[in-house]
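Peer 1: I am attaching a structure below and will ask some questions about it afterwards.
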Amino acid sequence: MHLIQAFAGLRPAAGRAPEIVAPPYDVLSSDEARDRAAGKPWSFLHISKPEIDLPPGTDIYSAAVYAKAAENLQKMIDAGVLVRDAGACYYVYRIIMGQHVQTGLVAAASVADYDRNRIKRHELTRPDKEDDRVRQIEALSAQTGPVLLAYPKAPAVDAILKAATATEPVADAVADDAIRHTVWAISDVDTIEKLTAEFDALPALYIADGHHRSAAASRVAAARKAANPAHTGTESYNYFLSVIFPDHELAILDYNRVVTDLNGLNEAQLVERIGTAFSVEKVAGQVKPAKHGEVGMYLKGQWYRLQIKAELVPQDPVVRLDVSLLSDHLLTPILGIADLRRDKRIDFVGGIRGLPELEKRVNSGEMAVAFAMYPTTLADLMAVADADQIMPPKSTWFEPKLADGLLSHVIG
């Protein structure tokens with residue numbers, strides 16, 4: 001058993017990628033997906049968000065939705081819009097967003113190594129979200145949403161990926177958001193064996209994004225193993241679709257917080273109480289945190305720079321995270337928000353939306369206060385995973401997002 005293996009990818013036929021490429025299923029609402037796919041019969045949203053082809057208001061977890069996904073996938077295969085490679089390949093996937101470039105390997109990653117935590121996780125999952133991905137995989141007999149993984153320093157892998165990008169791509173598309181997605185295939189047996197061996201030598205891989213997809217793949221594998229008396233461990237269901245980037249190329253943006261009310265305090269009382277754990281400085285312009293422990297706070301049209309007091313920062317890899325420090329010293333003791341997963345008084349804003357989105361939500365009266373965070377680093381993420389600990393909810397926002405539709409992993 002290998003940590004990763006090559007697979008025969010299901011991908012856009014030559015020249016069809018621009019018609020197919022779509023945002024990941026979990027970043028759009030049903031209405032947004034319906035609008036985005038309008039006039040695009042081959043958009044992968046018809047598979048990843050198949051409720052758009054059913055009456056508005058359809059329960060997105062109904063059996064009809066998963067059946068429609070399977071129907072739409074088969075329709076694209078029958079029409080020759082999606083084709084499957086004849087033999088096993090690795091694929092190189094490059095994303096370009098503005099000046100940011102990241103190049104990774106598309107592979108089938110081992111469920112067994114996920115189960116034994118060699119493919120390390122850092123987040124908890126929700127059973128309902130896992131159930132959804134299980135039902136989608138089972139309906140399609142394919143994994144269509146890749147898990148985003150990171151690999152630690154591996155210069156030999158980097159060199160192979162770079163060489164592959166000098167060849168002709170098998171897919172190239174600029175998505176609606178102007179982000180470019182390009183894919184190359186590696187079919188050379190010697191190169192495939194070299195990549196497999198290089199990854200086998202790595203101590204671990206790290207889940208950056210896609211905890212529900214990987215957990216669902218593990219559940220599907222367990223169910224299929226139980227139903228297969230001839231199980232050997234080499235079946236395709238023992239692996240899950242992943243895109244693995246070098247850790248130094250992944251970009252994590254801030255994941256900011258907005259709160260509906262001040263928990264019975266007025267503005268002056270809030271600022272005074274915050275001063276017990278943070279230094280507080282009123283600032284003329286916006287505050288985008290530039291270092292660990294710094295937080296921007298927007299309150300009643302005014303920005304403040306908060307800096308956690310040094311003696312309050314421990315060495316524990318979870319407790320020292322900026323999102324933990326904010327929760328432990330401000331959100332919970334002052335604003336009364338103890339459960340980030342369930343408390344309806346707090347919401348989260350991805351850094352891709354920028355500080356003006358925080359101002360907008362407060363100025364509109366929808367929210368009372370906003371907190372701009374310093375981004376969690378990949379080193380932080382890996383330290384938490386290595387310690388077998390769990391990050392607080394909404395700690396990381398990866399950008400750019402992987403596209404759906406460029407490669408799918410068919411499972412038996």
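The values are calculated or read from the model by the stated rules, or taken from the named source; none is laboratory data. Being a predicted model, the structure only gives us computed values, none of them experimental. Note that we place each Cβ from the backbone using ideal geometry, even for glycine, and neighbour counts take in every protein chain shown.
Peer 1: Sort through K162, K129 and tell me the only one that's part of a helix (DSSP H, G or I), assigned by TED's automatic domain parsing to the domain that holds D59 and modelled with pLDDT under 95.
Peer 2: On the way: K162 fails: modelled with pLDDT under 95.
Exactly one of K162, K129 is part of a helix (DSSP H, G or I), assigned by TED's automatic domain parsing to the domain that holds D59 and modelled with pLDDT under 95, namely K129.
Peer 1: I'm trying to understand the selection: among the residues of segment 385-403, which are crowded, with 23+ Cβ neighbours inside 10 Å and more than 12 Å from the chain's Cα centre (by Cα)?
Peer 2: A385
Peer 1: I'd like to check something: does segment 20-35 contain any residue that is assigned by TED's automatic domain parsing to the domain that holds I119, modelled with pLDDT of 95 or more and aromatic (F, W, Y)?
Peer 2: No, every residue in segment 20-35 fails to be assigned by TED's automatic domain parsing to the domain that holds I119, modelled with pLDDT of 95 or more and aromatic (F, W, Y).
Peer 1: Scan (1) of a type in the set (V, I, T); (2) farther than 20 Å from L250 by Cβ; (3) surrounded by 14 or more Cβ atoms within 10 Å (Cβ to Cβ); (4) over 21 Å from the mean Cα position of the chain (by Cα) for the single condition I160 breaks and write down its number.
Peer 2: Status for I160: all satisfied but (2).
Peer 1: Check whether at least one residue in segment 45-54 is closer than 19 Å to L241 by Cβ, in contact with a strand residue (DSSP E or B) (Cβ under 6 Å, 6 or more places away or on another chain), at pLDDT 95 or above and in the same structural domain as D132 (by TED's automatic domain parsing), and report yes or no.
Peer 2: yes
Peer 1: Scan segment 268-289 for residues that are within 12 Å of Q302 (Cα to Cα) and acidic (D, E) and jot them down.
Peer 2: E281, the sole residue that qualifies.
Peer 1: Here's something else I'd like to know. Is there a residue in segment 271-278 that is farther than 16 Å from T376 by Cα, among the aromatic types (F, W, Y) and not in a helix (DSSP H, G or I)? Before the answer, list the steps.
Peer 2: Looking only at segment 271-278, we keep the residues that are farther than 16 Å from T376 by Cα, and these are 271-278.
Retained after the next criterion (residues that are among the aromatic types (F, W, Y)): 278.
From the residues that got through so far, the ones that are not in a helix (DSSP H, G or I) too are 278.
Yes, segment 271-278 has at least one match.
Peer 1: Within segment 37-46, track down each residue that is crowded, with 18+ Cβ neighbours inside 10 Å and more than 20 Å from the chain's Cα centre (by Cα). Break it down into steps so the answer makes sense when it comes.
Peer 2: Within segment 37-46, the subset crowded, with 18+ Cβ neighbours inside 10 Å is 37, 42-46.
A37, W42, S43, H46, listed by residue number.
Peer 1: Can you pull out every residue in segment 220-241 that is surrounded by 14 or more Cβ atoms within 10 Å (Cβ to Cβ) and either in contact with a His (Cβ under 9 Å, 6 or more places away or on another chain) or at positive phi (or both)?
Peer 2: R224, K225, S236, N238, Y239, F240, L241
Peer 1: I've got another one for you. Among (1) within 28 Å of M391 (Cβ to Cβ); (2) assigned by TED's automatic domain parsing to the domain that holds R118; (3) not in a strand (DSSP E or B), there is one condition S242 misses while meeting the rest; what is its number?
Peer 2: All conditions are met except number (3).
Peer 1: Looking at E168, E130 in this structure, which one is surrounded by fewer than 22 Cβ atoms within 10 Å (Cβ to Cβ) and under 16 Å from the mean Cα position of the chain (by Cα)? Quick ask: steps written out before the conclusion?
Peer 2: On the way: E168 fails: under 16 Å from the mean Cα position of the chain (by Cα).
It is E130.
For (1) of a type outside the set (S, T, Y); (2) at negative phi; (3) assigned to a loop (DSSP other than H, G, I, E, B), each residue gets a yes or a no:
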| residue | (1), (2), (3) |
| --- | --- |
| I52 | yes, yes, no |
| P56 | yes, yes, yes |
| A86 | yes, yes, yes |
| G104 | yes, yes, no |
| N117 | yes, no, yes |
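Peer 1: Just need a number here: residues in segment 314-351 that are hydrophobic (A, V, I, L, M, F, W, C), surrounded by 17 or more Cβ atoms within 10 Å (Cβ to Cβ) and either farther than 29 Å from D177 by Cβ or in contact with a Phe, Trp or Tyr (Cβ under 9 Å, 6 or more places away or on another chain) (or both).
Peer 2: First, the residues of segment 314-351 that are hydrophobic (A, V, I, L, M, F, W, C): 318-319, 321, 323, 325-326, 330-331, 334-335, 337-338, 340, 346, 348-349.
Adding the requirement that they be surrounded by 17 or more Cβ atoms within 10 Å (Cβ to Cβ) leaves 318, 321, 323, 325-326, 330-331, 334-335, 337, 340, 346, 349.
Next, from what is left, pick out any that are either farther than 29 Å from D177 by Cβ or in contact with a Phe, Trp or Tyr (Cβ under 9 Å, 6 or more places away or on another chain) (or both): 318, 323, 325-326, 330-331, 334-335, 337, 340, 349.
Within segment 314-351, residues that are hydrophobic (A, V, I, L, M, F, W, C), surrounded by 17 or more Cβ atoms within 10 Å (Cβ to Cβ) and either farther than 29 Å from D177 by Cβ or in contact with a Phe, Trp or Tyr (Cβ under 9 Å, 6 or more places away or on another chain) (or both) number 11.
Peer 1: Additional query: Which one of these does G233 not meet: (1) under 25 Å from R320 (Cα atoms); (2) in contact (Cβ under 8 Å) with a residue 12 or more places away in the chain; (3) out of contact with any Asp or Glu (no Cβ under 9 Å at 6 or more places or on another chain)?
Peer 2: (1)
Peer 1: Condition first: modelled with pLDDT under 95 and either part of a loop (DSSP other than H, G, I, E, B) or not assigned by TED's automatic domain parsing to the domain that holds E130 (or both). Now tell me which residues in segment 198-209 satisfy that.
Peer 2: Of everything in segment 198-209, nothing turns out to be modelled with pLDDT under 95 and either part of a loop (DSSP other than H, G, I, E, B) or not assigned by TED's automatic domain parsing to the domain that holds E130 (or both).
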